[in-house]
Amino acid sequence: MRKAVILAGGTGSRLSPITRIINKHLLPVGKYPMIYWPILKVKEAGITDILILTSREHLSSFIQLLGDGKELGVCLHFAIQEQASGIADALSLAEDFVGEEKFLVLLGDNLFVEDLSPFVEQFYQQKEGAFILLKEVPEANRYGIALIDKQTQTVSKLIEKPNMKGPAYCVTGIYMYDKTVFSYIKKINPSKRGELEITDVNNFYVQQGTMGFNILKDWWIDAGTHESLFQANFYMFDNDLKGRRS
């Protein structure tokens, strides 16, 4: 059975003061709490066994809202990240859940419209390694950026918020991994901000030549700021209206 992990922890500092009392993944986006969207996208890709990683402080709220996932047609499990110590640190807690299988990872505040099914199938056709989804953005210095070798059409390097101007391909919060990811996490050290960075983990795969990628063509947004949360609501309501008209 294929599995997925949704990361819904963190402090939500960019959305303060709202997030002083509520986890950002429980804020409304369109007609649902934000956390519904990654769950529904995972389900759309044919994966129903899902682990949600969140903080101890907010665990009860997620359980109260989602239960075991039956209402959404999925099977939910929960795990606690005791401290907001980075994406890679949170991901390390999924090792027992994942076991020997390949798996999909979503950051709970990354919202998008495209069906993940073809990308998941592309990844599962790889013998080994990892797979990331990219999106062209106008400002490179706001994101983790993938440098693409145009001749080989491979990822040559991943850089976190580089000091460079102009458009680039950012790494969205949509990742796929084989079990090797957990050994790579154990090899990295905390960054200057005291976190285990997923970029460092992904660069191990790049160095081994086992990092696959594809590019999202439709809209994608990191709904972690006030402005982007507002924009995400606009996109979701707009898509809902288009769906009703069609």
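All of the numbers you see were taken from the coordinates with simple rules; none came from a lab. Keep in mind that this is a model prediction, so the values were computed, not measured. When we count neighbours, we look across all protein chains shown, and the Cβ atoms used for this are built from the backbone with ideal geometry, even at glycine.
Couple of notes before you dig in:
- Separation of alpha-carbon centers, segment 137-216 and segment 99-121, rounded to whole Å: 16 Å
- The magnitude of the dipole of segment 48-124, with charges of +1 and -1 set on the Cβ of Lys/Arg and Asp/Glu and taken from the Cα centre, is near 160 debye.
- Whether segment 131-246 is rounded, prolate or oblate, judged on the alpha carbon gyration tensor where a/c under 1.5 counts as rounded: prolate
- Y32/M164 FRET efficiency (R0 30 Å; Cβ-Cβ; nearest 0.05): 0.25
- Rounded to the nearest 20, the size of the Cβ-charge dipole of the chain about its Cα centre is 420 debye, with Lys and Arg at +1 and Asp and Glu at -1.
- Percent RCO, i.e. relative contact order, over the chain, from Cα pairs under 8 Å lying at least 6 residues apart: 23 percent
- Additional length obtainable on full extension of the chain from K179 to S13, 0.36 nm per residue less Cα span: 56.7 nm
- Chain lengthening between T225 and E100 when straightened (0.36 nm per residue, less Cα-Cα): 41.4 nm
- Considering only trypsin sites (Lys or Arg not before Pro) in DSSP loops that have at most 13 other Cβ atoms within 10 Å, the longest stretch of the chain without any of them is 32-126.
- Positive dipole terminus of the chain, leading residue within V120, Q153, H226 (C-beta point charges): H226
- Sequence-distant lysines (8 or more away, or on other chains) whose Cα lies within less than 23 Å of K157: K102, K127, K135, K165, K179, K186, K187, K192, K217
- Placing pseudo-labels 7 Å out from each Cα toward the beta carbon at E139 and Q83 gives an inter-label distance of 3.1 nm.
- Hz values of 3J(HN,Hα) by residue in segment 110-118 - Karplus curve (6.51, -1.76, 1.60), Gly and Pro given as x: 9, 10, 7, 10, 5, 6, 7, 3, x
- Close amide H pairs (under 5 Å, H built 1.01 Å from N) link H77 with I50, L51, I52, residues at least 5 positions away or on another chain.
- Relative contact order %, segment 104-191, counting alpha carbon pairs below 8 Å whose residues are six or more apart: 37 percent
- Calculated from backbone phi, Karplus (6.51, -1.76, 1.60) coupling profile of segment 95-105 in Hz, x at Gly/Pro: 4, 5, 5, 6, x, 8, 8, 6, 7, 9, 10
- Segment 47-58 - phi-based ³J(HN,Hα) in whole Hz, Karplus 6.51/-1.76/1.60, Gly and Pro as x: 10, 10, 9, 10, 9, 9, 9, 8, 8, 4, 4, 10
- Alpha carbon Rg of segment 3-122, scaled by the compact-globule rule 2.2 N^0.38 Å: 1.01
- Shape category assigned to segment 3-245 from the gyration tensor of Cα positions, a/c cut at 1.5: rounded
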